[in-house]
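Beneath this line is the structure, given in structure tokens, with notes to follow.
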Amino acid sequence: MNLRIPGPTPLSPQAREALGQDVIGHREPEFEALLHGVTQDLRYFFQTTSDVLVVTASGTGGLEAAVVNVLSPGDKVLAISAGVFGERFAAIAGAHGASVLQVSFPWGQGLDVRVVEQALRGNPDARLLLTTHNETSTGVLHDLGAVAEVLVDLDATRPLWLVDAVSSLGAVELPMHEWGCDLVISASQKAWMAPPGLAFVGVSARAWDAMSQARCPRFYWDLSAAREYASRGQTPFTPAVSALFALQASLCLMRQEGLPAIVARHRALAERLRNGLRTLGLALFADEQHASPTVTAVCVPEGISAIEVKSKLARDHNVIVATGQGPLKDHVLRIAHMGRCSRSDIDHVLRALDSAFRA
Ligand SMILES: *Cc1c(COP(=O)(O)O)cnc(C)c1O
């Protein structure tokens, strides 16, 4: 099977093997070594020396954890959105009583940093800025480096900056420290070649300061408790131990390859896919300038159902892709190339698409 959905993604063989181990006690010294090792490796990919906490949850749980630890009900929140995941981040803040000001861009486009800057300057009382790094629903990688530059200029009035990096980190550069991101969230089942079940939350010093003032209730998501336990190599509650073993194995591979090589490999695979799709005469959904290195959305020609093509690819070719989300459901196919993906996986998808569309 060629699993090309944007999560869960295929495991590395090493991760699969690690899943065969028996579990260990999460209050035992062996667990301490496991958590410390994984955390160190995650810091390398988050490009930070601050805390990176591992929470047992899907990515959305990680996003909610980030929000509730720094939000007080009634706080003004600026939410940048250009797709399903941008809207989800805004909805999480709204569910916890934030006064959300959504700054939306057309789906398929990258954010316009001048518009973001205007929104920031026009709302100096905004407490949080929510952004999506890679919008998985449209296949767009937003230029957060440009947002980072705007935030530096704002200095004292800058809000805390939360980044949904669930489908980018581990495959794309996101220098958390250099860009001044305050909370950065990713999840094990995306570029990390590990099973679903773990979310990672990078936390800046500014974010820790804000937490003592934030009044949203939290218990399972309390990151201060997570930090306190992590200092002793533990988690407050029972972690997904098996998923951690698998993650450790994949991180070991990823460290050997190194971030620059990983980033280059993802870019090359994405380009190979986009070139192949163009050769097949298919239109790409996302603005080429902001095309994602981890997931590509391709338009299905007029009169053809994306849902039907998806079924045909699975049935006849063993290729599993995703349809669109929300209003794009029946109009685009999304093909993931994050984590474990080879050139031949990409070529297989292209051959399958060619044959499906011919039929
Ligand atoms: C996958 C994803 C999430 C989280 O989804 P879960 O199903 O909760 O793991 C959040 N944001 C983005 C951009 C994603 O791609």
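Tabulated values for the structure
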{"read-out": "Residue count, the range 89-117 (criterion: touching a strand residue (DSSP E or B) at 6+ places or on another chain (Cβ under 9 Å), free of Cβ contacts under 8 Å to residues at least 40 places away in the same chain and assigned to a helix (DSSP H, G or I))", "value": "6"}
{"read-out": "The range 312-346: number of residues that are of a type in the set (Asp, Glu) and closer than 24 Å to Glu302 by Cα", "value": "2"}
{"read-out": "Total residues in the range 187-207, condition away from the ligand (no atom under 12 Å from the Cβ) and not in a loop (DSSP other than H, G, I, E, B)", "value": "6"}
{"read-out": "Any chance Ser167 is assigned to a strand (DSSP E or B), hydroxyl-bearing (Ser, Thr, Tyr) and either within 15 Å of the ligand (Cβ to nearest atom) or crowded, with 24+ Cβ neighbours inside 10 Å (or both)", "value": "no"}
{"read-out": "Ser168 touching a residue at least 40 places away in the same chain (Cβ under 8 Å) and farther than 23 Å from Gln325 by Cβ", "value": "no"}
{"read-out": "Test set (1) under 28 Å from Leu169 (Cβ atoms); (2) out of contact with any Gly (no Cβ under 8 Å at 6 or more places or on another chain) - Gly281 fails condition number", "value": "(1)"}
{"read-out": "Any chance Val38 is in a helix (DSSP H, G or I) and aliphatic (A, V, I, L, M)", "value": "yes"}
{"read-out": "Residues of the range 171-186 classified as crowded, with 24+ Cβ neighbours inside 10 Å and either part of a strand (DSSP E or B) or away from the ligand (no atom under 12 Å from the Cβ) (or both), total", "value": "8"}
{"read-out": "Sole residue being aromatic (Phe, Trp, Tyr), more than 16 Å from the ligand (Cβ to nearest atom) and at pLDDT 95 or above, chosen from Tyr229, Tyr220", "value": "Tyr229"}
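The values are calculated or read from the model by the stated rules, or taken from the named source; none is laboratory data. The model shown is predicted, which means the values in this text are computed figures rather than measured ones. So basically every Cβ, Gly included, is an ideal-geometry build from the backbone, and we count neighbours across all protein chains shown.
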